[in-house]
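Report on one structure; see the data block that follows.
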Amino acid sequence: RVSSLEVDRGGVSYTVEKEKGREETEFMRSRDLWFRPIDTRIGPDGQLYVIDFYNQAILHNDPRGPIHLWNNQAARPDRDHFFGRIHRYTHKEAKSLPKVDLSTLDGRVAALGHPNREIRYRAQRLIEEGDVKSAAAKLADAKGTAKIHALWIRAAAGALTEKEFVAAFADPSVEIRVTAARVMEAHPKLATKNVVAAIAAAIAKEQDARGRLHWVA
């Protein structure tokens with residue numbers, strides 16, 4: 001079965017509950033005894049994909065004595081080794097997402113602000129595999145969600161300035177502040193005297209529970 005839960009953020013964690021009036025049902029369920037939903041993803045088209053392992057036996061391997069194949073995988077007669085299913089669900093009132101062109105550098109940079117996370121992550125990966133320095137130059141004034149990706153890209157390109165890095169630790173967005181801290185962990189050479197001072201100030205002023213948890217961790 002696949003449940004549909006309403007998520008509310010509370011402190012450093014979340015609370016979930018089923019939609020009112022639908023407590024006794026599920027988003028997706030089946031009488032097929034081989035139905036094994038193991039993961040969900042929102043695709044680049046904005047639709048929901050459910051990965052169905054589709055197998056009678058759920059286990060990585062079976063050490064209890066059955067014949068093992070050349071790769072040490074148990075050859076159970078009641079376990080399928082070849083098939084799975086992907087279910088795609090679309091909303092009746094789904095809105096079309098903005099089109100993107102990931103074939104060009106400008107298109108990839110523009111896609112870093114796309115509402116779909118899969119599109120943003122794919123754009124960042126393509127940028128980091130290509131002309132990262134040219135992309136970094138185009139992201140000097142990134143805003144919103146794109147700024148999160150810009151911090152990583154500009155740091156990887158060696159273009160992240162001390163001034164903008166210091167500013168990121170005091171950004172109104174907790175997502176930007178936490179990203180700046182993660183970039184710092186990945187690029188310790190960026191720890192100048194001013195950056196270290198900005199980190200200390202950020203720790204002292206942090207009011208968001210998610211931000212405080214990050215600093216403790």
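The values are calculated or read from the model by the stated rules, or taken from the named source; none is laboratory data. Bear in mind that the values here come from a model prediction, so they are computed numbers and not experimental data. Every residue, glycine among them, receives a Cβ derived from its backbone with ideal geometry; neighbour counts consider all protein chains shown. With ligands, DNA and RNA removed, areas are computed over all heavy atoms of the protein, side chains included. Shrake-Rupley method; radii C 1.70, N 1.55, O 1.52, S 1.80 Å.
Key figures
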{"item": "Among residues of region 137-153, those that are assigned to a helix (DSSP H, G or I) and either modelled with pLDDT under 95 or open to solvent by 30 Å² or more (accessible area, probe 1.4 Å) (or both), counted", "result": "6"}
{"item": "Unique residue being among the acidic types (Asp, Glu), in contact (Cβ under 8 Å) with a residue 12 or more places away in the chain and either under 22 Å from residue 113 (Cβ atoms) or open to solvent by 50 Å² or more (accessible area, probe 1.4 Å) (or both) when the list is 164, 185", "result": "164"}
{"item": "Residue list for region 26-56, restricted to those being loosely packed, with under 13 Cβ neighbours inside 10 Å, in a loop (DSSP other than H, G, I, E, B) and either in contact with a Pro (Cβ under 8 Å, 6 or more places away or on another chain) or not basic (Lys, Arg) (or both)", "result": "26, 32, 33, 56"}
{"item": "Answer from 69, 59, 97 - the residue that is open to solvent by 40 Å² or more (accessible area, probe 1.4 Å), modelled with pLDDT under 90 and within 20 Å of the chain's Cα centre (by Cα)", "result": "97"}
{"item": "Scope region 7-25; condition under 26 Å from the mean Cα position of the chain (by Cα) and surrounded by fewer than 11 Cβ atoms within 10 Å (Cβ to Cβ); matching residues", "result": "7, 8, 9, 10, 13, 14, 16, 17"}
{"item": "In region 188-217, residue surrounded by the fewest Cβ atoms within 10 Å (Cβ to Cβ) [restricted to those that are polar (S, T, N, Q) and either touching a Gly at 6+ places or on another chain (Cβ under 6 Å) or in a loop (DSSP other than H, G, I, E, B) (or both)]", "result": "207"}
{"item": "Unique residue being small (Gly, Ala, Ser) and in contact (Cβ under 8 Å) with a residue 40 or more places away in the chain when the list is 43, 21, 10", "result": "43"}
{"item": "Within region 167-182, tally of residues that are in contact with a Gly (Cβ under 7 Å, 6 or more places away or on another chain) and surrounded by 17 or more Cβ atoms within 10 Å (Cβ to Cβ)", "result": "2"}
{"item": "Residues satisfying the stated conditions in region 112-125, i.e. open to solvent by 40 Å² or more (accessible area, probe 1.4 Å) and not small (Gly, Ala, Ser)", "result": "115, 117, 118, 121, 122, 125"}
{"item": "Hits in region 87-108 (condition: touching a helix residue (DSSP H, G or I) at 6+ places or on another chain (Cβ under 6 Å) and among the basic types (Lys, Arg))", "result": "108"}
